[in-house]
Amino acid sequence: MRDREKRTVRDLRRTNRSAVLRKLYFDGPLSRQELAPATGLSSGSISNVVAELTADGLLEEAGSVDSDGGRPRTLLRVARRSAYLIGVDVGETRVGVELFDLGLTELARAERPLAAHGYDVDRVVGLISDAVADVLRDADVAPESLLGVGVGVPGIVDRSSPGGAVVHGQTVDWDGVPLESLLREAAALPPEVPLFIDNGAKTLGQAEMWFGAGRGARHAVIALIGSGVGACIITDGVLYGGAHSSAGEWGHTTLQVRGRPCRCGARGCLEAYAGAEAVLERWAEIGGDPGEADEETALAAFLASAAPADPGEADDKAAALLEETAEYLGAGIADLVNLFNPERIIISGWAGLMLGRHALPAVREAAAAYALRHPLERTTIELGRLGPDAVTVGAATLPLADFLSRGGRGRESAPAVR
Ligand SMILES: [Zn+2]
């Protein structure tokens, strides 16, 4: 009984800290007087929680505002430099690592190309560990002040194993890779700094929902289009994961039975038509020259050929391929509209942003042609706002979300259950 009472008090304290931190993080600076109605807490509770969070170094004063006739009210905000976050994007062509302060201002970044060696697990783990050490050194941040390291990966992430997250990346030949334990072993991080591993499309989705084109939406799908294609489905404000958190593998939904071979081993997947790797393969098949450089440069060359500034100079075959790619993408989006009835569909990822800049109207047109009219008329289709590096930002939001929901670090707040 005593234990239960203790736990209840602790839970309540954590809930209150979380409510105040979250409000100040997303809507601050605010005064204590504004915080009470905004969080539903009494002014007494606000005073206690603010005192605690300030003592932990997590809040700071941010000037004051006049109140009607009374004393000026002090504004409070989350102290950006009170803790740090690392986001890692295990992308298709590179590993990107960025160090952020609590306000997600980038302090240092490191990039390691993957191209020549592909996805050799040990090599990728080594690259991540080295890059994490590099950004900490470059920004002169002690590893102990990290809230955590978030990692976005291509593949399905299984968290049911006792040894930590295991990645099933069928398109990159990662078959049950125990990434969390491998990273824990390789990276020179204190044991109390947690690792958070999730699918890259999901981390990107969280970043766009919190800070980008998804803000304010309750029902949205964020499409990640790079070499391959993924999606993050948000229903009623919550990420839709399915029974084993693999939901959202939109890139491997079938658009054409017996169609083009896909990297997953099946045929006719959306990814085999709308992913950058597939577009570039198809371009080469009709005589295009993707060159020897990276995929991003090659896709830019394709777009310059298909949709040049002077439309009179467009290559007809390339233009037709772009049109068809937009149609496949639009048809895939129509499936999302029919299945999930989102308010908003956000096209992101480096290739999605590049294709979207030239083909968004055609994608919208195709979606309208293939989707049911009623839900389509209530859906907007737009481009992501966080740029091609949004997966890294999204990965950093994993430890940030944990911090906000715990109402602080596990270490300074009451011992919390993960
Ligand atoms: Zn596939």
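Taking amide H atoms as placed 1.01 Å from N in the peptide plane, the amide H of Ala62 lies under 5 Å from those of Leu75, Leu76, Arg77, each 5 or more residues away in sequence or on another chain. 3J(HN,Hα) along the stretch 21-26, derived from phi through the Karplus expression 6.51 cos²θ - 1.76 cosθ + 1.60 where θ = phi - 60°, amounts to 4, 4, 4, 5, 5, 8 Hz, with x in place of Gly and Pro. The alpha-carbon atoms of the stretch 355-411 define a convex hull whose volume equals 123 cubic angstrom per residue.
Ellipticity at 222 nm from helices only: DSSP H runs of n ≥ 4 in the chain, each -39500 (n - 2.57), divided by the residue count, give -14000 deg cm²/dmol. The 3J(HN,Hα) values that the Karplus relation (6.51, -1.76, 1.60; θ = phi - 60°) gives for the stretch 119-134 are, in residue order, 9, 3, 4, 4, 5, 4, 4, x, 5, 5, 4, 4, 5, 4, 4, 4 Hz. Gly and Pro appear as x.
Placing a label point 7 Å from the Cα of Gln256 along the Cα-to-Cβ line, the residues of the stretch 298-333 whose backbone N sits under 12 Å from it are 321, 324-329. Report, ordered by chain and residue number, the lysines lying within cross-link reach of Lys23, taken as a straight Cα distance under 27 Å and ignoring same-chain residues fewer than 8 apart. Within the straight-line cut-off, Lys23 pairs with Lys6, Lys202.
Taken about its Cα centre, the chain carries a charge dipole of roughly 2220 debye when the Cβ of each Lys and Arg holds +1 and the Cβ of each Asp and Glu holds -1. Remark: the Glu60-Ser181 segment gains 39.9 nm on full extension, using 0.36 nm per residue and subtracting the alpha carbon distance. Counted over the stretch 38-196, the DSSP beta bridges are approximately 75% antiparallel.
Which peptide among 223-232, 264-273, 55-64 comes first, and what is the full order, when sorted by highest mean count of other Cβ atoms within 10 Å?
The packing order, highest mean first, is 223-232, 264-273, 55-64.
Radius of gyration over Kirkwood radius for the stretch 275-418, both on Cα atoms: the Rg/Rh ratio is 1.13.
A cut-off of 5 Å between modelled amide H atoms, ignoring neighbours fewer than 5 places along the same chain, links Ala139 with no other residue.
Between the residues Ala133, Thr105, Thr253, the greatest Cα displacement towards the positive end of the dipole of the chain, with unit charges on the Cβ of Lys, Arg, Asp and Glu, is found for Thr105.
Secondary structure note: in the chain, about 65% of the DSSP beta bridges are antiparallel. Multiplying the residue separation of Phe26 and Asp11 by 0.36 nm and removing their Cα-Cα distance gives an extension gain of 3.2 nm.
If you plug the beta carbon distance of Gln33 and Glu323 into 1/(1 + (r/R0)^6) with R0 = 51 Å, you get a FRET efficiency near 0.35. Applied to the stretch 300-316, the Karplus parametrisation 6.51 cos²θ - 1.76 cosθ + 1.60 on θ = phi - 60° returns per-residue 3J(HN,Hα) values of 4, 5, 4, 5, 5, 7, 7, 9, x, 4, 9, x, x, 9, 5, 7, 4 Hz, with x for Gly and Pro. Here's how it looks for Leu107: its modeled amide H is under 5 Å from those of Leu99, Phe100, Asp101, which are all 5 or more places away or on a different chain.
Sorting the segments 46-53, 198-205 by their mean number of nearby beta carbons within 10 angstrom, highest to lowest, gives 198-205, 46-53.
Laboratory data are not the source of any read-out in this text; all were calculated from the coordinates shown. Only a predicted model underlies this, so the values are computations on that prediction, with no experimental measurement involved. Counting neighbours? That spans all protein chains shown, and the Cβs are built from the backbone with ideal geometry, glycine included.
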